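These notes concern the structure reproduced below.
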Amino acid sequence: MDRKKMLVTYFKLSEKEMRERYLPVSTSDLLRKKIFAVGSAHIAVLEENGTVTAFGDDRHGQCNVKNWKDIIKVAAGDFHTVGLKKDGTVVAAGDNSFGQCNVEKWKGVTDVFASRNLTVGVMADNVLLVAKANPVAEESEEERRRREEAEKENRRREEAEQLAAKLNNKIESAAAGLSAQIAAANGELLVQLQNMPPQKYKVPYNDPNRTMPIETVEETASREPETPSKLFTYSFVNGSVTISSYSGAADTVVIPRYIEGKPVTVISNRAFYNNTKLRRVVISDKLERIFPDAFKNCRNLEELVIPPNAGLSNIGDNAFEHCVSLKKVTFPESLERIGRWAFGQCIGLETVVIPNAISSIGFGAFSECPGLKNLYITENAQNRLSRLDLIVDNLNVVRIIQPNGL
């Protein structure tokens, strides 16, 4: 079969078939001859002259193989490509989050294999080499001094935050007492104000050009203290705020509703990536989008709090992948899209409630979640989606409910 026609045939396969690396029978002879290898969404082809050509998804650089020479075999994981050279050395390109591309020192290799996040080399004496993350280099005296100073600064900052929290609690207690006195003296007027539509009563909010509805006493008292804006790196886009990183050390983060008078609507790519201190995140009702990889590898994240009146509409690809401590997620009715592998490998996840308004859930959004016991979804939402077996590994966990049935 002509190779170009074969490639076209391959890329017409469904995403599930690509994921399981299923190929038509007509390509089996090529596989036995080790002419090409297939990743999650890319393919690497070994040319007759020892070079390699790669096609497909290149977000992690897995197709960056144009300079490879003298290759005798190719292998592929989900997001990386491996090549075995004539001289027994090995080259690799793509995602190296798990050290799967650390093969530059290998010699005397006779065969190579790759899986999702793994690369294995075989030597002539059948000794196996496994690619691993580089060990942490020993600290120099200057690096140790800087690290200790940074730790001291973090401790001082934490103490300052704790003191500020105590002061805030005292202020809130005093304010609550004052509010009670005002309510006792002006009860009838306060009740009337609370029962009227909030949009009819507007007050300036920091910015003289911006207004917002008056909030009831109950709403103000129930809101948790927001994480100070100075701990975030952020930018202004089209009149709203995008958070791009977080520098604090607290285990709880409450996303602020406003920064400098502008609503916080976006958490950007990798904003909290690999944050192992984070245990609890509270999303504000102003947040609209969480970008790809935003909370990926937050291994100790246990609780994701999203208010039912939130405006969150989009959770990007891999946004919470490998958050192994996360147990339950209830999405707001505003949510329209959950990206690919958004909650993949969340091994502690037990319960997921899908909103009735959902219109798109990406491939593998809840795959490799062995602890998942219940995924609640309405019949209407299920009908709008394609196949649930592309979303979860076990269809036995799916529970069909009526809208607002929980």
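Among the criteria (1) modelled with pLDDT of 90 or more; (2) within 16 Å of D111 (Cβ to Cβ); (3) open to solvent by 10 Å² or more (accessible area, probe 1.4 Å), the one G83 does not fulfil is (3). With respect to the conditions (1) open to solvent by 10 Å² or more (accessible area, probe 1.4 Å); (2) of a type in the set (G, A, S); (3) modelled with pLDDT of 90 or more; (4) not in a loop (DSSP other than H, G, I, E, B), S26 falls short on a single one, namely (3).
Number of residues in the range 315-328 that are open to solvent by less than 10 Å² (accessible area, probe 1.4 Å) and farther than 20 Å from T276 by Cβ equals 2. Scanning the range 57-80 for residues that are within 25 Å of G344 (Cα to Cα) and open to solvent by less than 50 Å² (accessible area, probe 1.4 Å) gives D57, G61, Q62, C63, A75, A76, G77, D78, F79, H80.
Each row is one residue, and each column tells you yes or no for (1) of a type outside the set (G, A, S); (2) surrounded by 15 or more Cβ atoms within 10 Å (Cβ to Cβ).
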site: P332; (1), (2): yes, yes
site: V353; (1), (2): yes, yes
site: E379; (1), (2): yes, no
site: S386; (1), (2): no, no
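State which residue is modelled with the highest pLDDT when the search covers only the range 31-57 and only residues that are more than 13 Å from D78 (Cβ to Cβ) and in a loop (DSSP other than H, G, I, E, B). Per the criteria, the residue is T51.
Taking the range 355-376 as the range and being under 22 Å from P307 (Cβ atoms) and hydroxyl-bearing (S, T, Y) as the test, the residues that pass are S359, Y376.
The values are calculated or read from the model by the stated rules, or taken from the named source; none is laboratory data. Not measured: the values here are computed from a predicted model. Positions of Cβ are backbone-derived with ideal geometry, glycine not excepted, and every protein chain shown enters the neighbour counts. Accessible surface areas use protein heavy atoms only, side chains included; no ligands, DNA or RNA. Shrake-Rupley method; radii C 1.70, N 1.55, O 1.52, S 1.80 Å.
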